[in-house]
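Here's the structure we're looking at; comments come further down.
The values are calculated or read from the model by the stated rules, or taken from the named source; none is laboratory data. All of these numbers come straight from a predicted model, not from anything done at the bench. All Cβ positions, even for glycine, are placed from backbone atoms using ideal geometry, and neighbour counts span all protein chains on display.
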């Protein structure tokens, strides 16, 4: 994972960023899979749906333009439309048109969506903690020190 530079000051190790990114992505993906399974079983919604509700709930008007929501949850327009349809079918969100121009479409969290977040918030936090603390037990090949260095290397690049 680390290489020494030839002739650099103090032979400072160079981090293999691609490998670090892959390790972090794999770890996060495994945690996300556990969260998704738990949310689906416990609350009947997936992780992306939960994240969309959280994003909507954090805005002052409890709404976001559909395009902005798509960007923030990492979906394309078609996928966020399907996501919103699922949330609407469960009574957790609804769509509204922009009052200024009538063309823009907003996703709005419904009272039922806020109630679900209120109910699931603390258990969700506890589940994240459980998944993080139990990662080494679930994956005996996980090198915690190496993963820590990978997070550090990536975190050091974010400005």
Exercise for review: Scan segment 102-115 and give yes if some residue there is out of contact with any strand residue (DSSP E or B) (no Cβ under 9 Å at 6 or more places or on another chain), surrounded by 14 or more Cβ atoms within 10 Å (Cβ to Cβ) and in contact (Cβ under 8 Å) with a residue 40 or more places away in the chain, otherwise no.
Suggested key: yes
Check your understanding: Under the condition of being closer than 14 Å to residue 52 by Cβ and part of a loop (DSSP other than H, G, I, E, B), which residue from segment 81-109 is nearest to the chain's Cα centre (by Cα)?
Key -> 92
Check your understanding: When segment 110-135 is examined, which residues are found to be at pLDDT 95 or above and outside any helix (DSSP H, G or I)?
Key -> 110
Exercise for review: Could you tell me which residue of segment 34-54 is surrounded by the fewest Cβ atoms within 10 Å (Cβ to Cβ), considering only residues that are closer than 20 Å to residue 95 by Cα and over 11 Å from the mean Cα position of the chain (by Cα)?
Suggested key: 46
Study note, to complete from the structure: Taking segment 55-65 and keeping only residues that are crowded, with 17+ Cβ neighbours inside 10 Å and assigned to a helix (DSSP H, G or I), one is left with 56
Check your understanding: Before we move on, is residue 147 outside any helix (DSSP H, G or I), in contact (Cβ under 8 Å) with a residue 24 or more places away in the chain, more than 18 Å from the chain's Cα centre (by Cα) and closer than 18 Å to residue 24 by Cβ?
Key -> no
